[in-house]
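Notes for the one structure printed next.
Quick note: the coordinates plus some simple rules give every number you see, no bench work behind them. Predicted model only: the values in this text are computed from it and were never measured. We place every Cβ from the backbone using ideal geometry, glycine too, and count neighbours over all the protein chains shown.
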Amino acid sequence: MKLVTIVGARPQFVKAQPVCRAIAEYNQLPLGNDARIHEVLVHTGQHYDYEMSQAFFESLQLPTPAYHLGVGSGSHGWQTGEILRMVEEVLDREKPDAVIVFGDTNSTLAGALAAAKLHIPVAHVEAGLRSFNRRMPEELNRILTDHISTLLFAPTETAVQNLRAEGITRGVYLVGDVMHEAAMEHVRIATRKSTILKRLGLEPRAYSLATVHRAENTDTCECLRSIVEAFLEIGQKEVIVWPVHPRTRKNLKEFRLDEICKGHSSPRMLSPVSYLDMLQLEGSARIILTDSGGVQKESRWFHVPCVTLRRETEWIETVEEGWNRLAGNRKESIVEAFACAMRTDPDVLPRNGQRSQAAATIVNALAGHAQDLE
């Protein structure tokens, strides 16, 4: 079975790592050559900054991509179209039995569309997630990808129910979360190898961590200003460490918001950090402020209260269990949610167990469907 795996953005590198490893482990079983999975890794280049791309391949020990498309940044329509065009060329050349995509980025949708138009089965990892906000590009990418996929690997029971509500019941598997596998494996490595706390002069639980990257928060001056002003107010009493996404940094400069941060010791604005350093920062933080779905999950797994800079989340379990507060992007609501999070005792919140065999379950399902997919 030949499988083309498509990645392009930082979260997808993390999600792909356990699956790539599970494929390698599957191929070590006493199988005939015809039963083995030949994986072709394609990197679209949606994220291309070293710390957002190559550094992740190195720290995750991902195999070198067979194809690096180098699409770069651009508008959603242009980027999706370029990835679709270039992935189609790869698929025409490789003629795989199936294509696997991850998450909800433009690379996800474009890869799935290219495969579907060539009548190649699509396997979607992290299927069924819904924020129910169709103004988010990610929500549209999720929905469209799910509706053209043959195999849908859902991380939660809620995701399965979302698919059922949309009439999707065939090919759906509840597998657990591949990001959990990656995070739990690499946080142990980070504890041994990361020196980020020492380099920044930080003590565990003596700072908060922030990440901001979504278009709804960064592409308008009003929203980004509200978030920055909230960080400045919180920063009067709490050290905030903020690894700044390249697009966010660009907009901070364009809107001249970087100037209002000058002279303030908090937030401490950093360049993007490696995966191991990010895990160490997350696990040692007192509070996390983020608009990232992945970071919301990791905060829960690491037992760190989270303030989400959005009005909704596709990871509703984090809210229902008390780990996460939805604050939106208004200054007042962010400051209030942060104050509530500071009063939270993490020891009284539920420690939800996670399935840790998601990647192996996915690979076994792919292998089990090999004849049907070909």
> Do any of K198/K237; K2/K117; K262/K331; K15/K253 go past 23 Å between their Cα atoms, and which?
Replying inline: K15/K253
>> Please list, ordered by chain and number, the residues whose modelled amide H lies under 5 Å from the amide H of G328; skip anything fewer than 5 residues away on the same chain.
In response: R310, R311
>> Students often check this: by mean Cβ neighbours within 10 Å, which of 17-30, 104-117 ranks highest, and how do the rest follow?
In response: 104-117, 17-30
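Dividing the Cα convex hull volume of segment 210-353 by residue count, how many Å³ per residue is that?
Details: hull volume 14.4 nm³, N = 144.
Cα-based convex hull of segment 210-353, divided per residue, equals 100 Å³.
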> When the Karplus curve 6.51 cos²θ - 1.76 cosθ + 1.60 is applied with θ = phi - 60°, which whole-Hz ³J(HN,Hα) does each residue of segment 96-105 get, with x for Gly and Pro?
Replying inline: x, 7, 7, 10, 10, 10, 10, x, 8, 8
>> List the residues, sorted by chain then number, that are 5 or more residues from H38 or on another chain and whose placed amide H is less than 5 Å from its amide H.
In response: K2, L3
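Any idea what the dipole of the chain comes to, in debye rounded to 20, about its Cα centre with Lys/Arg Cβ at +1 and Asp/Glu Cβ at -1?
On the way: 42 positive and 47 negative charges, 153 e Å.
My answer is approximately 740 debye.
What full-extension length gain, to one decimal in nm, is calculated for Q61 and H147 as 0.36 nm per residue of separation minus the Cα-Cα distance?
27.8 nm
When N is the residue count of the chain, what does its C-alpha Rg come to as a fraction of 2.2 N^0.38 Å? Don't skip to the answer; put the middle values down first.
On the way: Rg = 20.3 Å, N = 374, 2.2 N^0.38 = 20.9 Å.
In units of the 2.2 N^0.38 Å rule of thumb, it is 0.97.
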> If amide H atoms are built 1.01 Å from N in the plane of the peptide, which residues on other chains or at least 5 residues away come under 5 Å of the amide H of T211?
Replying inline: L289, T290, D291
>> Can you find, among A230, N106, Y67, the residue sitting farthest towards the positive end of the charge dipole of the chain, where Lys and Arg contribute +1 and Asp and Glu -1 at Cβ?
In response: A230
> Dividing the Cα convex hull volume of segment 210-255 by residue count, how many Å³ per residue is that?
Replying inline: 62 Å³
> Over the chain, what is the mean sequence separation of C-alpha contacts under 8 Å (at least six apart), divided by residue count, expressed as relative contact order in percent?
Replying inline: 16 percent
> To the nearest 20 debye, what charge dipole does segment 99-249 have about its Cα centre, counting +1 at the Cβ of each Lys and Arg and -1 at the Cβ of each Asp and Glu?
Replying inline: 400 debye
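Assigning unit charges at the beta carbon (Lys, Arg +1; Asp, Glu -1) and nothing else, what dipole magnitude in debye, to the nearest 20, does segment 184-348 show about its Cα centre?
On the way: 25 positive and 24 negative charges, 139 e Å.
In total the dipole reaches around 660 debye.
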> Tell me, what is the FRET efficiency for A24 and D92 to the nearest 0.05, using R0 = 25 angstrom and their Cβ-Cβ distance as r?
Replying inline: 0.40
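Please grab the % of Cα pairs in segment 1-157 that end up more than 23 Å from each other. Before the final figure, lay out each step's value.
On the way: 4085 of 12246 pairs.
Distances greater than 23 Å cover 33 percent of the Cα pairs.
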